[in-house]
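Just below is one structure, and these are the notes that go with it.
The values are calculated or read from the model by the stated rules, or taken from the named source; none is laboratory data. Fair warning: this is a prediction, and the values are worked out from it, not measured in the lab. Methodologically, a virtual Cβ is constructed for each residue, glycine included, from the backbone with ideal geometry; neighbour enumeration extends over all protein chains shown. Note: accessible area is taken over every heavy atom of the protein model, side chains too, but ligands, DNA and RNA are not part of it. Shrake-Rupley method; radii C 1.70, N 1.55, O 1.52, S 1.80 Å.
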Amino acid sequence: MEVVIAAPEELTGLAADTIEALLRSRPGAVLGLATGSSPLPLYDELVRRHREGGLSFARARAFTLDEYVGLPPEHPQRYRNVIARELTERVDLAPGAVQGPDGLAEDITAACTAYEDAIAGVGGIDLQILGIGTDGHVGFNEPGSSFASRTRIKTLTEQTRADNARFFGGELDQVPQHCLTQGLATIMSARHILLIASGRAKADAVHQLVEGPVSAMWPATILQHHPHVTALVDDAAASRLQLADYYRSTYAAKPAWQGL
Ligand code: F6R
């Protein structure tokens, strides 16, 4: 796993450079999109490059990581609405080019299978953007999730519901208890994973992600088994990394042409 420790603006630029390079070399690339606060500066930067630098998403496709179960169609925190607001309506992604798990499906199991089929049907995800939960979840694969899991329904932990209450006016009881999420095996199938983490609250999870034993108690640790993961972390999120100086010097010595 490559660990890049830098100021948030630099991390945003690096992530945007990576996505831009992918889209310029493969305009029909398949992106995996996360919600939550971590990728928002990146989405703003991609929108800026679209408007000012001609970056086009017209032939790209995208899949979101997860979705709350049961939020009404117009709910502002429904993840397909969040992604539409934060990214897809602000760039030139084609209508229907972005899919997400259907949290209102009558047959949840069938909807999850259909979602896996849709991802496989386009040849898989080229680049997956991830955040990480304070409890080490990726997607909404909470502690105890199977490393072999595919898209399915999960119950959110109290920790995650409390963390996400800020998106629901601070009201914990408004945060759904269930979600649909790509599984850990689904996420592991992406060809390149960019994980973005900032702030002190993520320091334990980032330490486990990079340096901890691989354990279902910290689901993100499965990413240690992926051949191409880039962890983009700010100083606060990196504050518990034992080998932070090593990661810094390794990245500083990397030739700029190499990219992430
Ligand atoms: C969101 C998602 C979650 C978040 C994680 C971090 O689609 O899958 O794993 O990435 O909860 O959330 P933020 O970025 O809000 O700290």
Scanning the stretch 3-58 for residues that are touching a Gly at 6+ places or on another chain (Cβ under 7 Å) and within 22 Å of V210 (Cα to Cα), the one surrounded by the most Cβ atoms within 10 Å (Cβ to Cβ) turns out to be A34
Could you say whether any residue in the stretch 148-161 is buried (at least 17 other Cβ atoms within 10 Å of the Cβ), outside any strand (DSSP E or B) and either in contact (Cβ under 8 Å) with a residue 60 or more places away in the chain or at positive phi (or both)?
-> no
Working carefully through the options T151, T134, T155, find the one that is within 16 Å of the ligand (Cβ to nearest atom), touching a Leu at 6+ places or on another chain (Cβ under 7 Å) and not charged (D, E, K, R).
-> T151
Identify all residues within the stretch 214-234 that are assigned to a strand (DSSP E or B) and more than 18 Å from R150 (Cα to Cα); write none if there are none.
-> V229, T230, A231, L232, V233
Out of all the residues in the stretch 113-130, is one or more within 13 Å of the ligand (Cβ to nearest atom), under 26 Å from A237 (Cα atoms) and outside any strand (DSSP E or B)?
-> no
Could you say which residue among G170, G144 is assigned to a loop (DSSP other than H, G, I, E, B) and closer than 28 Å to A111 by Cβ?
-> G144
Any hit, the stretch 10-32, residues being touching a strand residue (DSSP E or B) at 6+ places or on another chain (Cβ under 9 Å), of a type in the set (S, T, Y) and under 30 Å from A252 (Cα atoms) = yes
Extreme residue, farthest from the chain's Cα centre (by Cα), among residues of the stretch 167-224 that are over 14 Å from I132 (Cβ atoms) and among the aromatic types (F, W, Y) = F168
So is L40 within 18 Å of D17 (Cα to Cα), aliphatic (A, V, I, L, M), touching a strand residue (DSSP E or B) at 6+ places or on another chain (Cβ under 7 Å) and within 16 Å of the ligand (Cβ to nearest atom) or not?
-> no
Across the stretch 217-259, the tally of residues that are open to solvent by less than 40 Å² (accessible area, probe 1.4 Å) and modelled with pLDDT of 95 or more stands at 18
Residues of the stretch 193-213 being free of Cβ contacts under 8 Å to residues at least 60 places away in the same chain and not in a helix (DSSP H, G or I), in sequence order, are G199, G212, P213
Being part of a loop (DSSP other than H, G, I, E, B) and free of Cβ contacts under 8 Å to residues at least 40 places away in the same chain, is that true of even one residue in the stretch 76-85?
-> yes
In the stretch 59-75, what residues are free of Cβ contacts under 8 Å to residues at least 40 places away in the same chain and surrounded by 13 or more Cβ atoms within 10 Å (Cβ to Cβ)?
-> R59, A60, A62, T64, H75
In the stretch 89-110, anything more than 16 Å from the ligand (Cβ to nearest atom) and either over 18 Å from R152 (Cα atoms) or in contact with a strand residue (DSSP E or B) (Cβ under 7 Å, 6 or more places away or on another chain) (or both) is listed as E89, R90, V91, D92, L93, A94, P95, G96, A97, I108
Within the stretch 175-192, identify whether any single residue is in a helix (DSSP H, G or I), away from the ligand (no atom under 16 Å from the Cβ) and open to solvent by less than 30 Å² (accessible area, probe 1.4 Å), and answer yes or no.
-> no
